[in-house]
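One structure is given here, and the rest of the page talks about it.
The values are calculated or read from the model by the stated rules, or taken from the named source; none is laboratory data. Everything numeric here is computed off the predicted structure, so don't read it as measured data. So basically every Cβ, Gly included, is an ideal-geometry build from the backbone, and we count neighbours across all protein chains shown.
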Amino acid sequence: MNSRFDLAASMVALAGLALFFLAAAGNPSAGLQAWLAAEVAWAAVSVGCLTIGLMRVLVGAGIDRGFGPALAAGGGALPLIAVGFIPVLLGLASLYPWASVPPTGWFQKLWLQTGFFIGRTAGYYLLWTVLALLLMHRAGRATAIAGLIVIGLTGSLASVDWMMSLEPDFHSSIYGMLFLSHACLVGWSLATALTLLAGGAAKPQVAAGYMIGGIAMWAYLSFCQYLVVWSGNEPSDIGWYLLRTGNGWGHLFWAASFLEGVLPFLFLMPARVRASRPAVAGIALSLVIGGMLDMILLVLPSFRWAFGPAALAALPAIVGLGGAWMLVFGRHYRKLINPAGQVGHGG
């Protein structure tokens, strides 16, 4: 990854953001909702990279070889995502129903307060950024253990705050774990694709094995949530699924399911595919695209839009923010693979 990578990332960022602002100009409300979807999507990627990076440190793999540099660099992009979240915090009243109409339950009244929400969000990003810096600078196993506990707690809470609270009547005790499994799967897939395409010394079979396991975990948790909702037969919970399969969203639902789950899983079954660097990289990119569509599906139907304005604004927002993410990623990645740089061994 060199200056040409930076140039390409910069052009993608500028083009995507320009298209996003054009799409949002006619409907600022839909634009802000689309920006929330893009922010959550790329936050998940960085948190996933950070989580898998700490897991590798815990088992002694470190960040100085294989997929380690890409995972650490992905976590290093968290400050960018944190800055991008500022418009969301400024527009809370137009995004979250509880920010304008106080909820009725005693716990929701306590938890869903604007100041408390902003403070928690700042805390999440601060903790994740500290962990990302530690990962890039000789994180040891003790740091990895503490960091994974912190991410398990804060990642679950962040998903509930940022996405599930868009519909305060919907409840799911597995929502946080589902978000973290998605984050790890998409973060690992993007790190895999970038490492293999950059010619990094990493085995595609290892990446494929992790992706198969990640897909299985994500699919299992998704099914568990659906099964509990179906068994409970609560109108508010069933309505959450109906919103994501009606008004045109059903097409996106099936596209995300196939790209993030079914197709990658099936294509990775043959051993010769798992041994091919281009094939594994391509499948990983397909999985990332499916993951981005999944984040759009989790966020935008909450606003009762039919598939259209907000979704059309979300796509360039994700592309534009992704270009900026890649720019930051590339700079961290070059520092981590530079033999003269300081690279952590993780234990």
Fill in the blank from the handout: If you go through LEU242, LEU221, LEU263, the only one that is surrounded by fewer than 18 Cβ atoms within 10 Å (Cβ to Cβ) and under 23 Å from SER172 (Cα atoms) is LEU242
Exercise for the section: Please state which one of ALA122, ALA198, ALA142 is surrounded by fewer than 15 Cβ atoms within 10 Å (Cβ to Cβ), among the aliphatic types (A, V, I, L, M) and more than 20 Å from the chain's Cα centre (by Cα). Expected result: ALA142
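Within the group ARG120, ARG138, which residue is more than 20 Å from ALA43 (Cα to Cα) and of a type in the set (D, E, K, R)? I'd like the intermediate steps shown before the answer.
Values: ARG120 fails: more than 20 Å from ALA43 (Cα to Cα).
Of the residues listed, the single one that is more than 20 Å from ALA43 (Cα to Cα) and of a type in the set (D, E, K, R) is ARG138.
Considering only residues of region 165-175 that are touching a Leu at 6+ places or on another chain (Cβ under 9 Å) and surrounded by fewer than 20 Cβ atoms within 10 Å (Cβ to Cβ), which is modelled with the lowest pLDDT? Break it down into steps so the answer makes sense when it comes.
Our first condition is that a residue be touching a Leu at 6+ places or on another chain (Cβ under 9 Å); within region 165-175, this holds for 165-168, 172, 174.
This time we only want the ones that are surrounded by fewer than 20 Cβ atoms within 10 Å (Cβ to Cβ), so: 167-168, 172, 174.
Details: GLU167: 89, PRO168: 83, SER172: 88, ILE174: 92.
In this case the residue turns out to be PRO168.
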Practice task
Check SER257, SER286 and return the single one that is of a type in the set (S, T, N, Q) and under 15 Å from the mean Cα position of the chain (by Cα).
Solution key: SER286
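Yes or no, residue by residue, for (1) within 23 Å of the chain's Cα centre (by Cα); (2) over 30 Å from PRO28 (Cα atoms):
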site	(1), (2)
ALA219	yes, yes
SER222	yes, yes
TYR226	yes, yes
GLY232	no, yes
ASP237	no, no
LEU243	yes, no
VAL273	no, yes
MET292	yes, no
PRO301	yes, no
Fill in the blank from the handout: Note: among LEU7, LEU50, LEU14, LEU32, just one is among the aliphatic types (A, V, I, L, M), touching a residue at least 60 places away in the same chain (Cβ under 8 Å) and surrounded by fewer than 18 Cβ atoms within 10 Å (Cβ to Cβ), namely LEU14
Problem - In region 88-112, residue farthest from GLU39 (Cα to Cα) [restricted to those that are surrounded by 16 or more Cβ atoms within 10 Å (Cβ to Cβ) and of a type outside the set (A, V, I, L, M, F, W, C)] - result: PRO103
Handout entry: Subset of region 115-166 (residues that are over 21 Å from LEU89 (Cβ atoms) and charged (D, E, K, R))
Key = ARG138, ARG141
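Could you list, in sequence order, all residues of region 200-221 that are assigned to a helix (DSSP H, G or I) and touching a Lys or Arg at 6+ places or on another chain (Cβ under 8 Å)? Working first, answer last.
Step one: filter region 200-221 for residues assigned to a helix (DSSP H, G or I), giving 204-221.
Matches in region 200-221: PRO204, GLN205, ALA208, GLY209.
Quick check on GLY31: is it more than 19 Å from the chain's Cα centre (by Cα), modelled with pLDDT under 95 and assigned to a loop (DSSP other than H, G, I, E, B)? Don't jump to the end; show me each part of the working.
On the way: more than 19 Å from the chain's Cα centre (by Cα): yes; modelled with pLDDT under 95: yes; assigned to a loop (DSSP other than H, G, I, E, B): no.
It is false that GLY31 is more than 19 Å from the chain's Cα centre (by Cα), modelled with pLDDT under 95 and assigned to a loop (DSSP other than H, G, I, E, B).
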Practice task
Please name all residue pairs, on different chains or six or more residues apart, with Cβ atoms under 7 Å, provided the first residue is in region 110-123 and is touching a residue at least 12 places away in the same chain (Cβ under 8 Å) and the second residue is aliphatic (A, V, I, L, M) and assigned to a helix (DSSP H, G or I).
Solution key: THR114/LEU92; THR114/ALA99; PHE117/LEU92; ILE118/LEU89; ARG120/LEU157; THR121/LEU89
Fill in the blank from the handout: Considering residues that are without any contact (Cβ under 8 Å) to a residue 60 or more places away in the chain and either among the small types (Gly, Ala, Ser) or farther than 30 Å from LEU336 by Cα (or both), the number found within region 69-87 is 2
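Can you name every one of the helices (runs of 4 or more DSSP H) wholly within region 44-118 that holds 2 or more residues which are modelled with pLDDT under 95 and touching an Asp or Glu at 6+ places or on another chain (Cβ under 7 Å)? Break it down into steps so the answer makes sense when it comes.
Numbers: elements: 68-75, 78-84, 86-90, 92-95, 106-111.
Here the list is empty.
Can you find even one residue in region 184-193 that is in a helix (DSSP H, G or I), over 16 Å from the mean Cα position of the chain (by Cα), touching a residue at least 24 places away in the same chain (Cβ under 8 Å) and buried (at least 19 other Cβ atoms within 10 Å of the Cβ)? Please lay out each step first, then the result.
Keep residues of region 184-193 that are in a helix (DSSP H, G or I), which gives 184-193.
Going one step further and asking which of them are over 16 Å from the mean Cα position of the chain (by Cα), we end up with none.
For region 184-193, residues in a helix (DSSP H, G or I), over 16 Å from the mean Cα position of the chain (by Cα), touching a residue at least 24 places away in the same chain (Cβ under 8 Å) and buried (at least 19 other Cβ atoms within 10 Å of the Cβ): absent.
Yes/no per residue for (1) assigned to a helix (DSSP H, G or I); (2) of a type in the set (A, V, I, L, M, F, W, C); (3) modelled with pLDDT of 95 or more; (4) farther than 23 Å from ALA24 by Cα:
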residue: GLY246; (1), (2), (3), (4): no, no, no, yes
residue: ALA256; (1), (2), (3), (4): yes, yes, no, yes
residue: LEU259; (1), (2), (3), (4): yes, yes, no, yes
residue: LEU263; (1), (2), (3), (4): yes, yes, no, yes
residue: MET269; (1), (2), (3), (4): no, yes, no, yes
residue: ALA306; (1), (2), (3), (4): no, yes, no, no
residue: LEU321; (1), (2), (3), (4): yes, yes, yes, no
residue: LYS335; (1), (2), (3), (4): yes, no, no, yes
residue: GLY344; (1), (2), (3), (4): no, no, no, yes
